[in-house]
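The values are calculated or read from the model by the stated rules, or taken from the named source; none is laboratory data. If you're wondering where the values come from, they're calculated on a predicted model, not measured in any experiment. For neighbour counting, all protein chains shown are included, and Cβ atoms are generated from backbone atoms with ideal geometry for every residue, glycine included.
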Amino acid sequence: MESDESVRVIFHPLNKVVSVPKNSSVLDAIRKADILFESICGGKGECRKCRVIYVRGDCTAGLPESTRGLSVDEIQENFCLACQTYLSGDCEFVIPVESRIDAPKILPGICSDETPVAPSVKKYRTRCEPAVPQLAGSHRSLRLDGYMGKRPHMTPGQHQRLVSATSPYTVTVSCSTGYPEVIAIESGDTTGATYGLAVDLGTTTVVGMLFNLAGMQFCAQASNLNRQITYGEELVTRMAFARERGGLEKLQLAAVESINSVIRKLAESNRIERTEIHEICLAGNTVMHYLFSGRDPRALELADAAVNKKPLVKKAHDLGLQVNPEAYVYCLPNVSRYVGGDAVGDVLVSGMHRSEELSLLVDLGTNGEMIIGNADWLASVSCASGPAFEGAGITSGMRAMRGAIEHITIDPETGAAAWTTIGGQRPRGICGSGIIDAAAGMAAAGILDFTGRLVEGKPGVVEGENGLTYVLVPKNQSETGRDIVLTSQDMVYLMDSKAAACGAIGVLLKKYRIRPEDIRHVYLAGAFGAYTDLGSITRFGIIPRFINAEFHPIGNGSLAGAAATLLSEGKRKEAETIAEKMVYIDLLVDVDFIEEYTAALYIPGKKEYFPD
């Protein structure tokens, strides 16, 4: 029986029912109901993305605080902000389609065929035979068929079990800590099934790749949204939540549960037991590594924060991962507070650290990482580009999910937009690649001036509640029944994001006295490189025109980097060398960044970067 201080909340059309303490926010109820839901600011009432529709019950829906920032039409339709609406009695709400988070479009990791096959975990059959003792205290000789190297460490219990056995066993040996260690003993011959998992722990999405390491076979890939999303989409928001009482524990549990969900999917689809997974390699940004391991990230809030460049290696049972409890989890090394193991994975996969030619790597998401260099040196920066390039923070923005506009062309004569959506559905909103297309097309059509402002009187430009607005999709053609738009405020945010990205690249070029024409290879990581039109990227001025460079989309470099270190001990050493070698320039304290950023606040930007 529920306490008198609890209230019951029903969420339609998901048919979710949950009880929460009286005076909780609707967002608290959504989190408890385990509904994946838009909440970019983490519940501060700033992003206005956590919209729900009030149906009935006792709560603060309709009061000024619960509707702050919503349009007149939305208020008339009983919309309210979940984070600013508080429950005093049983209630019912509808979660509208634009507030729900569906399965995102997943970018695969591209594993190179050149990766040498040498995993750090292997299985061996045992042979016990009368002989001169090989191990202290043994009356029988214990041998591992095919094993060469230092005698592996094992517990007294493991040793006794093996030397007293009357039939062969299979022993799993891991070298993840640098010294061989017996982590599992199985009856019979299981040497043909040695499973390992590569994980990309992204800010938004968790993706896993399952391999059978015995035959170096890729088995399957699965993904899940990072359950930390409801605590905030930006890293700084999650870091702030981690400071709250119990916040770090909730974030760590959310990350672990997200990975465990992927593990369950992969184990079920391949009909294996989760305990058959004996190794995990994981890549993510520095903040995600801290939150996943339960380490307080507040030190990362300081400019030039010291970050350990050694990889984190821990047992699965210490982290709560549902695989073999003795399996090791290897996290790719971090470089700085905002250049993490995911960026090291990008470099590892690109091969730029082995080339004599100058290369630039760009991984643009919620945070942007840019790395320049060659076999002799590597330098990196990270910019707070914000989530605009992933569709967040924009009025009609959304992730790359079903119904998201992914590409747009704009007729320069009529200002009319033609679009394609993910899944071919009626548009629900616009994701990052579509936003960049739209901005470049609007600039080419004169709908935007060179400062990124909307031009009054141009086709498609109307007066909205908060200033000029460009209508991409009229409401009668959208899935939500509302216009899909880019507003003046959206353009300010987008111009800030593009200036941060281009300015960050400009700092690297200026510091090392490199001209754009000196760059021979540009590697574009993640969805930014895979789905965004290269012409739109340069026309809008997100990255300079590198006229002598070859462009290489590398897919999910974070995931592919994790896979490479799973399959090869040598790749782990490469990753650690990359991290040690890489210099980090903190833009918060760099004197050149403000100059480069300011010059990039125009479309496209500095003339020397955009000669044509």
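Scanning the range 214-222 turns up no residue that is crowded, with 17+ Cβ neighbours inside 10 Å and within 28 Å of LYS310 (Cβ to Cβ). Selection over the range 37-50 of residues that are in contact with a Leu (Cβ under 8 Å, 6 or more places away or on another chain) and surrounded by fewer than 19 Cβ atoms within 10 Å (Cβ to Cβ) gives a count of 1.
Note on the range 168-192: residues that are over 35 Å from the mean Cα position of the chain (by Cα) and part of a loop (DSSP other than H, G, I, E, B) amount to 3. The listed residues are ASP318, ASP346, and the only one of them that is within 18 Å of GLY284 (Cα to Cα), in a helix (DSSP H, G or I) and modelled with pLDDT of 95 or more turns out to be ASP346.
Being surrounded by fewer than 24 Cβ atoms within 10 Å (Cβ to Cβ), of a type outside the set (Asp, Glu) and closer than 17 Å to ASP449 by Cα narrows it down to one of VAL492, VAL485, so name that one. Reasoning before the result, please.
Numbers: VAL485 fails: closer than 17 Å to ASP449 by Cα.
The conditions single out VAL492.
One residue alone among GLN228, GLN217 is closer than 29 Å to TYR195 by Cα and within 18 Å of the chain's Cα centre (by Cα), and that residue is GLN228.
Any residue that is in a loop (DSSP other than H, G, I, E, B) and either free of Cβ contacts under 8 Å to residues at least 12 places away in the same chain or assigned by TED's automatic domain parsing to the domain that holds VAL362 (or both) - is there at least one of those in the range 567-582? Looking through the range 567-582, at least one residue is in a loop (DSSP other than H, G, I, E, B) and either free of Cβ contacts under 8 Å to residues at least 12 places away in the same chain or assigned by TED's automatic domain parsing to the domain that holds VAL362 (or both).
Of everything in the range 592-611 that is outside any helix (DSSP H, G or I) and among the hydrophobic types (A, V, I, L, M, F, W, C), the residue that is farthest from ALA439 (Cα to Cα) is PHE610. For the range 365-391, filtering for residues that are on the phi > 0 side of the Ramachandran plot and touching a helix residue (DSSP H, G or I) at 6+ places or on another chain (Cβ under 6 Å) leaves 2. Across the range 226-263, the number of residues qualifying as more than 21 Å from SER385 (Cβ to Cβ) and aliphatic (A, V, I, L, M) comes to 10. With a requirement of 2 or more residues that are touching a strand residue (DSSP E or B) at 6+ places or on another chain (Cβ under 6 Å), among the hydroxyl-bearing types (Ser, Thr, Tyr) and on the phi < 0 side of the Ramachandran plot, the strands (runs of 3 or more DSSP E) lying completely within the range 392-509 that satisfy it span 417-421, 467-473.
When LEU361, LEU312 are screened for being without any contact (Cβ under 8 Å) to a residue 24 or more places away in the chain, in contact with a strand residue (DSSP E or B) (Cβ under 8 Å, 6 or more places away or on another chain) and crowded, with 17+ Cβ neighbours inside 10 Å, only LEU312 passes. Residues in the range 268-288 that are without any contact (Cβ under 8 Å) to a residue 40 or more places away in the chain and either surrounded by 18 or more Cβ atoms within 10 Å (Cβ to Cβ) or part of a helix (DSSP H, G or I) (or both): GLU268 alone. Just one of the listed residues (GLY351, GLY403, GLY441, GLY365) is over 25 Å from the mean Cα position of the chain (by Cα) and either of a type outside the set (A, V, I, L, M, F, W, C) or at pLDDT below 90 (or both), namely GLY441.
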